[in-house]
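Note sheet for the following structure.
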Amino acid sequence: MERIAAVERKTEETNITLTLNLDGSGKCDVKNPIGFLDHMLHSFCKHGLFDLNGSLSGDLNVDQHHLIEDTGIVLGMCFARALGNCAGIYRSGSFLYPMDESLCRAAVDFGGRSCLVCNAELSGIPLVSINADGKAASFQTDCFEDFWQGFTDNAGCNLHLDVLRGRSDHHKMEGLFKAAARAIRAAVETDPRRNGAIPSTKGIIV
């Protein structure tokens, strides 16, 4: 049974369409105007072995916050729809990911309740880059937590993200995206010993 979900969300601030395959091969094909976010989504898919395609657009003339947060919201909605009642999955997972001088940890539980604990230890200073057309671009690091808050609220999961040590904001965020991908991958994979049962003593994920 394919575990695929498509979500389209339009507001006066953003227009986001995403299709997620939980059992993919790590392909990411999302039209994305924010370079660093694009890099993070590619890393998330590659390490989680998720396939993701679609497009993102929004009011970047105002701020990056709306588009980054709403992308997390839509991605979380995709996970919730693809998982359905969570029958047969492991449900929880964790991973410790070293990213050069940074050491990052993620732990997740798809138990139906949302909670984010994020200790990314970021400086708050935007990352600066140059687009292909030679124009300056940036990533607002203070939106990192907003992305994951949107994700957890809509995926119905507990997610703990911690930087145990590190210096570079780039490495901290990338390490956390990769750690989250591996933890989520472990949680959503099918447990052959569970025989399709819902992984909860309640008999339902709520």
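The values are calculated or read from the model by the stated rules, or taken from the named source; none is laboratory data. In this text, all values refer to a predicted model and were calculated from it rather than measured experimentally. Ideal geometry is used to build each Cβ from the backbone, glycine not excepted, and the neighbour counts take in all protein chains shown. We work out accessible area using only protein heavy atoms, side chains counted, and drop any ligands, DNA or RNA first. Shrake-Rupley method; radii C 1.70, N 1.55, O 1.52, S 1.80 Å.
Brief remarks follow.
- In plain terms, the C-alpha convex hull of the range 1-55 casts an average shadow of 3.8 nm² when viewed from every direction.
- Apportionment of accessible area to carbon and sulfur, the chain, percent (1.4 Å): 47 percent
- Longest to shortest principal axis, alpha-carbon extents of the range 90-206, angstrom: 53, 26, 26
- Per residue, the accessible area of the range 88-206 comes to 49 Å², computed with a 1.4 Å probe over protein heavy atoms only.
- When the range 31-117 is reduced to its Cα atoms, the Kirkwood hydrodynamic radius in Å: 15.1 Å
- Protection-proxy order for peptides 176-187, 139-150, 46-57, each taking the mean of Cβ atoms within 10 Å per residue, highest first: 176-187, 139-150, 46-57
- Charge sum, other residues only, whose C-beta stays under 10 Å from Phe147's C-beta, Lys/Arg counted +1 and Asp/Glu -1: -4
- Phi to ³J(HN,Hα) by Karplus 6.51 cos²θ - 1.76 cosθ + 1.60 over the range 99-106, Hz, x for Gly, Pro: 10, 6, 7, 9, 10, 10, 10, 10
- Each 10 Å bin, from zero up to the one with the longest distance, holds this percent of the alpha carbon pairs of the range 24-77: 24, 57, 17, 2.
- Size descriptor, Kirkwood hydrodynamic radius, that averages inverse alpha-carbon separations across the range 136-184, Å: 11.9 Å
- Hull-based mean projected area of the chain, where the convex hull spans the alpha carbons, in square nanometres: 11.4 nm²
- Distance in nm between pseudo-label sites at Leu96 and Lys27 (7 Å out along the Cβ direction from Cα): 3.6 nm
- Full-stretch length increase - Asn119, Ala6 - with 0.36 nm per residue and alpha-carbon distance subtracted: 37.6 nm
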